[in-house]
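Each value in this text was obtained by applying a stated rule to the coordinates, not by laboratory testing. These numbers were taken from a predicted model, which means no experiment stands behind them. In this analysis, Cβ positions are derived from the backbone assuming ideal geometry, glycine residues included, and neighbour counts consider all displayed protein chains.
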Amino acid sequence: QVGNYKRTVKRIDDGHRLCSDLMNCIHERARIEKVYAQQLTEWAKRWKQLVEKGPQYGTVERAWCAFMSEAEKVSELHLEVKGSLMNEDFEKIKNWQKEAFHKQMMGGFKETKEAEDGFRKAQKPWAKKLKEVEAAKKAYHAACKEEKLAISRETNSKADPALNPEQLKKLQDKVERSKQDVLKTKEKYEKSLKELDNATPQYMENMEQVFEQCQQFEEKRLRFFREVLLEVQKHLDLSNVASYKNIYRELEQNIKTADAVEDLRWFRANQGPGMSMNWPQFEEWSADLNRTLSRREKKKASDGVTLTGINQTGDQVSQPNKHSSSLSVQSNTVQSVQSSYNPFEDEEDTGSTVSEKEDNKIKNVSSYEKNQSYPTDWSDEESNNPFSSTDANGDTNPFDEDTSPAMEVRVRALYDYEGQEQDELSFKAGDELTKMENEDEQGWCKGRLDNGQVGLYPANYVEPIQ
């Protein structure tokens, strides 16, 4: 029918838009592949450091780290996928679109105009004859209507005695003329319709020819899309990539090599009873041996052996005669969390994201580093006695003879101080803390920070708060 070829012409414009849509689709997928690869790399880097610094050891550590190696290799593969999508598939569609569709100066595409002109040229003669048929049809129907009306008037006039013969004759003549008009318009209508029928085969052939050209153009686009989609599928399908299969085959092998017996044997030889011992031996006194007494030894004014090294946890009650490594581990962990991570820290002040804060939290809360040193000496002096600090409820220790709540005084730091030993406090100028013991002979005071950490600090670095 006249004008229905516009749907076929519009399909050409739709083909250009579909090329752009497919490029956008591939571009978004490539961006997803890139982000996923970056996240895998960041995850692998962060957790590899945590595992290597953490307490895990031996073959199980290597099996754990194999997951990070897997992530790094998979990340590389997904970056390759992103590169293939953008450098091959995206560019291929872009170039094909540029070659297949040619923009005109006045807007639109050359292919669209050619198709529309071809359809219009093929349809113009037939559309002209169709218009004549419609006009003849209209004239014939009007004549038939007029004939019916004239016959009706003549019939009604015969029943009217008031109508004179002259008027009746006029009505009869009208009927006769209308019958002749019907015959003429009918003949003309049939003639135009016959001419239209005769022109229809040629019209159909011409329209079919233009339509086939449009079909061929669309077939090229459809076949090209199918070809590109198959290439995209090959780029996305990592299951057929040999290196991808090798990654998980290697991961499985690394996990299966984990041997609990071997790890326990290694720990016994390096961290347990099997490690080499430097047993105490008699050593002759030498004047060249410059041994500097620590502050603790200076502070202790009693006879006998000075014992140092028990780390107090601040909020954990422990047996004075038990010296487990868990005390120092928990102390280090608590101090690390308190000094490194502030849950109420503002994002805008630090410039870090929520995920970075979570990463810091994971790093700080991790139990302990495998290379951390443990004190080899021990002490039962009051400054290192776990019972000398406040308990979980914030009350003073009833077994602490030298410290009482009445002696606690709030002081303010005058200068910055960085603790040099494990039992010393660190603070900045302006920080406030609580003095728990008065100054000793060496000029040191015992205090407690607001975060609960208890330790020593130079007495002349603070002033009482009025």
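For Val462, nonlocal amide neighbours, meaning residues 5 or more places apart or on other chains whose placed amide H falls under 5 Å from its own, are Leu414. Label zone (Glu88, point 7 Å along Cα-to-C-beta; backbone nitrogen cut-off 15 Å) within the range 1-32: 30. The fraction of Cα-Cα pairs per 10 angstrom bin, counted from 0 for the range 409-464, comes to 28, 66, 6 percent, rounded to whole percents. Between Glu439 and Asp197, full extension at 0.36 nm per residue minus the direct alpha carbon distance yields a gain of 75.0 nm.
Compute the relative contact order of the range 110-207 as a whole-number percentage, counting only Cα pairs closer than 8 Å that sit 6 or more residues apart in sequence. Over the range 110-207, the number comes to 49 percent. Given R0 = 25 Å, the distance between the Cβ atoms of Arg410 and Lys53 translates into a calculated FRET efficiency of 0.05. The simple spin-label model puts a point 7 Å past each Cα toward its Cβ; for Tyr36 and Lys145 those points are separated by 7.0 nm.
So, R0 is 35 Å and r is the distance between the beta-carbons of Lys128 and Glu28; what FRET efficiency does that work out to, to 0.05? For Lys128 and Glu28, the calculated efficiency is 0.10. Site pair Arg7 and Glu80 shows an inter-label distance of 4.7 nm when each label is modelled 7 Å from Cα along Cα→Cβ. Between Glu176 and Lys137, the simple spin-label model (points 7 angstrom out along Cα→Cβ) gives 3.4 nm. What is the Cα centroid distance between the range 7-26 and the range 184-202, reported in whole angstrom? Centre-to-centre (Cα) distance: 42 Å.
Computed with the Debye formula from one identical point scatterer per Cα of the range 110-207, without solvent, the log10 of I(q)/I(0) at q = 0.18, 0.19, 0.21, 0.22 Å⁻¹ comes to -0.83, -0.88, -0.96, -1.00.
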